[in-house]
Amino acid sequence: HNAEGKLVAYCGRWPGEPAEDAPKYKLPAGFHKSQEIFNLHRALRQPNEEPLIIVEGFFDAMKLWQQGAKRVVALMGCTLSDAQEELIRRHTDSRSQILLMLDEDEAGRTARDDIAARLSKFAFVKIHVFDQDGRQPEHLSAEEISSLFD
């Protein structure tokens, strides 16, 4: 869905690890994930006082949503495009809080500093660092998610 809630694409995921020549995710032809932010239309319905949690993947966002963190969105990757930055800027202000929670791997660590620097120009940004290499938001327990907001 786009920010207004209109369905713009769908996604399928290969079960388990895909073959070397197969993509992990299947998106419709012509869809440019860099133009949208997954779950933004739902996150915008939540109170602005809650931090906007930004994660990489669909399943990260779904897991946090199921655990009660309703103001969560996914970039559908570890990079932030100019269009995605503009979407976030349009829906935040200098009083907004953003919790950047990317995967604890080389790509996530590299991306989070760049993304935090870009978003901190117009909102307060906190980076969540996982305690173990390879951890992702979808690995968090309900208690760990709850403690993020204490």
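Grouping the Cα pair distances of segment 25-150 into 10 Å bins from zero gives a pair-distance distribution of 13, 49, 34, 4, 0 percent in increasing distance order.
Given the rule -39500 (n - 2.57) for each run of at least 4 DSSP H residues, summed and divided by the residues of the chain, what is its mean residue ellipticity at 222 nm, to the nearest 500 deg cm²/dmol? All intermediate terms of the calculation are to be shown ahead of the outcome.
On the way: 5 runs with 42 residues, N = 150.
Taken over the chain, the calculation gives -7500 deg cm²/dmol.
For Ile98, the residues whose amide H sits under 5 Å from its own are Leu52, Phe124, Val125, Lys126, ignoring neighbours fewer than 5 places away on the same chain, with H placed 1.01 Å from N. If a spin label sat at a point 7 angstrom from the Cα of Glu4 along the line to its beta carbon, no backbone N atom of segment 81-103 would be nearer than 15 Å. Basic side chains Lys and Arg get +1 at the Cβ, acidic Asp and Glu get -1 at the Cβ, and with that the dipole of the chain about its Cα centre reaches some 720 debye.
Run the accessible area of the chain with a 1.4 Å probe and give the carbon-and-sulfur part as a rounded percent.
On the way: 4240 of 8590 Å².
C and S fraction of accessible area: 49 percent.
Excluding ligands, DNA and RNA, the accessible surface per residue across the chain is 57 Å² with a 1.4 Å probe. Could you give the longest part of the chain that holds none of the GluC sites (Glu not before Pro) found in DSSP loops with at most 14 neighbouring Cβ atoms within 10 Å? By the stated rule (loop sites, at most 14 other Cβ atoms within 10 Å), 50-150. Mean sequence separation of contacting Cα pairs (under 8 Å, at least six apart), scaled by the length of the chain, corresponds to a relative contact order of 21 percent. Taking His139, His32, His91 as the candidate residues, the one with maximal mean-square fluctuation in a Gaussian network model of the chain, Cα springs under 10 Å, is His32.
Give the separation of the Cα centroids, segment 90-150 to segment 13-50, in Å. Using only Cα atoms to place each centre, the spacing works out to 17 Å. Debye calculation, C-alpha points only, no solvent: report log10 I(q)/I(0) for segment 1-77 at q = 0.15, 0.19, 0.26 Å⁻¹, in the same order as the q values. Summing over Cα pairs of segment 1-77 leads to -0.55, -0.83, -1.28.
The values are calculated or read from the model by the stated rules, or taken from the named source; none is laboratory data. Please read all numbers here as calculations on a predicted model, not as lab measurements. As a convention, Cβ positions derive from the backbone with ideal geometry for all residues, glycine included, and neighbour counts pool all protein chains shown. Areas reflect the complete protein model, heavy atoms only, side chains present, ligands, DNA and RNA absent. Shrake-Rupley method; radii C 1.70, N 1.55, O 1.52, S 1.80 Å.
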